[in-house]
Amino acid sequence: MFLTDFISHYLYGLRYIATAVMVLLVMFGFDDLFIDLYYWIRKLVRKATIYKNRETFDEKHIINVKEKPIAIMVPAWHEASVIKSMLTLMSSEMDYENYFIFVGTYPNDIETQREVDAVSKHYPNIRKVITARPGPTTKADCLNNVIAAILSFENQSNIKFSGFVLHDAEDVVSAMELRLFNYLLKKNDLVQIPVYPLTTNVLKMTSCHYIDELSETHGKEMVVRESITGQVPSAGVGTCFSRKAILKLIEEGDGLAFDIESLTEDYDISFRIREWGMKEIFVHFSVTDSKYVKFDESSLTKSNKQGNVVCVREYFPDTLSASVRQKARWIIGIVYQGTKKLKWAKDWKMNYFLWRDRKGIISHFVSFIATIIFLNIVVLTIYYLIFPDGYKYLSIFLDDELSIFLLQLNLLFLLNRMLQRAIFVWQYYGIMHVCFGPIRLLWSNLINFLATLRAIKQVMLTKKSGGKFAWTKTDHTYPSISEKPEFQSLGQILIENNKVGRIQVEQALEQRFVFEKLGQTLLRLGLISSDALGVALAKQANTSYESINPFGLQKQVIEYLDSVQALKYKVLPLRMQNNKLTLACENSLSPIVLSILSRRLGCEIEYVLCQTGAVTIGLRYHYLNIDCDPHPEIMQAIEQKRINSKEADIILDYFFSLQIQFGEAIQRAGFIEPTVFNQIMFEFDFSKDTKLGDFLINRSIVTQEVVDDILFQQVKRQLSIETVISDFISRRDKD
């Protein structure tokens, strides 16, 4: 009897709590319903008016826009396990050339520094930044150090970046991201693209509940928010700031763009940018070519259009404790720190979304209590089904008209919420994840509740101690989607292939001219053959080697490439077979260059490495119309019996190896960094008669004295074919 009374009193108390909770849930339900209605009505109106007769906006509209220099900022504290994979994938897959990656590392994080150093040897557009203070500081502090390094680099290189992009060390970046930013920076100062979590197993409730939340938030809420207020909160990744915005942030922050006390440095920045009258945009941009969305979901039931959006992908925490820590940090940054820094605005529309940002501190508790009440009702229902003649505990709820009304209304709101999430999850992930959405909704309520409790506890402890919030970073993992071969040095490959010994490599390094590569020195000293060097370089570049005669190429094949493309990328067309153009080059070509040439020429592109100097002299002959063919002099020497045909091949290879382009020589001499030189070349017009040296002088990159010295050294190295033949005969006869 005591138990029955206890249960009755417990349920009566629960009913009053449930009534209060249901009233709050109704308020939140109407709040969400407004966003739903606004989104769908706006979508239908725009489809019937703006987009009715407009051509679909896809990658072909942005792909040929002139590339402006863009800086990518990656803060990295204890990211040794993922940073190398992330940087390798981004550098090899990005369909863009004119960019640098600046990685912020800490002086007391040697492991991460070591990984960044390793990958930057292979991709020279990656630059390591070491912060002034040891970690962990806040992410904002790390980014401030990165921005300072970028501005210093600009002063040294005479480059002005147009866009500054935020990314984390675990991000999988879309190939078309920078092209999209490059296009939108003309009219916008903050551009945000969606973030879609990478998936593993649909049964992993913790990691997969991010799918439900972000799919709806970035599929709908951000669209509505931008439409109503013109303000778009940065997600911390996949955000591009204009140069104007960054400089204004630095000016207003007295030299610091990001608030070093903030745990969500990206959140408040978007409000300030909007207050200054700058334009922000949240963009859903779909591509039609699947090669630009290699890392999208493979589900056959996803939307063909929405499933191909340019977005950021990453793994989110898959354990309860890690998820709670991450979300607690978000709550502290957005609710506690955000409320302190961002007061209520005069604009009701902005206040409405500030309320939506901050209501989580209440709604997370309410949703959790609602989950408990729901589970109680489930238990009572099961009891009633098992014991239909037992105590009518459910009558406590069902006999009250207000409770019934609130239950029915909240049921409708719940069904709508599940439907809305299902739509946006289906668009990108397909039907399988939709099926698990209702279960994950209950689990997400628990995570959000625990995160709110943790956030409140941390705020109270920090207030009591007078300390500061630290960067409680999340441990990251990276998908195994980039199987790039480990980079090997040329000397290491040659030694492993028994082509030279360690002593010979050291000898070449000691006798190397300032503008020579190791391979060129080995050739000049006669320590290796041209073919052996080419095979080693091809192995290093993960391609094949082919010895070519640059003067024997067919004119119709040469015409596949114009002089601008050939000179810019330093390639010679060899042959066209089955709509595949084979190019010869002396150095490896990035997948980005291959993609660009393939798109521009409308055919498949492959490349082979050839003997050193062959492309350099071939470019002069075919595209600059310089008569530099050594064959007549060689044939004359053969006819005069001064040399034989076998010796002629040795002489020809050596003559090729002496050739060096002015741009390469000035880089090798150390006057311009290779990465800086590549950026400068975006401004150089190969179609005009302007000499590269004059262009560099006019841009104040180097002085006239430097150009004159490099030209002198270039001429000194590039011996005439008559001199090469005479020197060969002299050495042969002496031996």
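All of the numbers you see were taken from the coordinates with simple rules; none came from a lab. For clarity, every value in this text was computed on a predicted model and none was experimentally measured. Note: ideal-geometry Cβ built from the backbone for every residue, glycine included; neighbour counts use all protein chains shown.
A few notes on this one:
- Kyte-Doolittle mean at least 1.0, axial Cα span of 24 Å or more - DSSP H helices of the chain: 360-386
- Shown is the FRET efficiency for R356 and V23, computed with R0 = 22 Å from the Cβ-Cβ distance and rounded to the nearest 0.05: 0.75.
- Part-to-part distance (alpha-carbon centres) for region 187-213 and region 115-168, which is given in Å: 26 Å
- Extension gain from S489 to Q556, taking 0.36 nm per residue of separation minus the Cα-Cα distance: 20.4 nm
- Each stretch of four or more DSSP H residues adds -39500 (n - 2.57); spread over every residue of the chain, this sum gives -17000 deg cm²/dmol at 222 nm.
- Each residue, E639 and N625, gets one label point 7 Å from its Cα in the Cβ direction; the gap between the two is 2.8 nm.
- The charge dipole of the chain, taken about its Cα centre with unit charges on the Cβ atoms of Lys, Arg (+1), Asp and Glu (-1) only, comes to about 1620 debye.
- Projecting the Cα positions of H78, A118, V65 onto the charge dipole of region 26-179 (unit charges on Cβ atoms of Lys, Arg, Asp and Glu, taken about the Cα centre) puts V65 furthest along the positive direction.
- Here the convex hull built on the C-alpha positions of region 490-734 has a volume of 142 cubic angstrom per residue.
- The relative contact order of the chain comes to 13 percent, based on Cα pairs under 8 Å that sit 6 or more residues apart.
- Unit charges at the beta carbon, dipole of the chain: most positive-side option, W348, S595, F6: F6
- Where both bridge residues fall in region 490-734, DSSP classifies roughly 45% of the beta bridges as antiparallel.
- With both residues required to sit in the chain, DSSP beta bridges show an antiparallel share near 35%.
- Packing-based exposure ordering (other Cβ within 10 Å, fewest first) of L151, L574: L151, L574
- Which of L166, V293, T206, positive extreme of dipole for the chain (C-beta unit charges): T206
- Straight-line cross-link partners of K340 among the aspartates and glutamates, defined as a Cα under 14 Å from its Cα and at least 8 positions apart when in the same chain: D259, E261, E265, D268, D357.
- Calculated FRET efficiency, I382 to L414, Cβ-Cβ distance, R0 = 25 Å: about 0.80 to the nearest 0.05.
- Ranked R620, R329, criterion: other C-beta atoms within 10 Å, fewest first: R620, R329
- Relative contact order of region 490-734, pairs being alpha-carbon contacts under 8 Å that are 6 or more residues apart, as %: 19 percent
- The per residue volume of the convex hull around the alpha-carbon atoms of region 228-292 is 118 Å³.
- Debye-formula intensities of the chain, expressed as log10 I(q)/I(0) at q = 0.06 Å⁻¹, are -0.47 (one equal scatterer per alpha-carbon, no solvent).
- The lysines within cross-link reach of K302, meaning a Cα-to-Cα straight distance under 18 Å and a gap of 8 or more places when in the same chain, are K220, K291, K294.
- Ranked by the mean number of other Cβ atoms within 10 Å of their residues, highest first, the peptides 644-651, 65-72 fall in the order 65-72, 644-651.
- At an R0 of 56 angstrom, the distance between the Cβ atoms of T339 and K580 translates into a FRET efficiency of 0.40.
- Neighbour-count ranking [beta-carbon atoms within 10 angstrom, fewest first] of V224, V45, V237: V45, V224, V237
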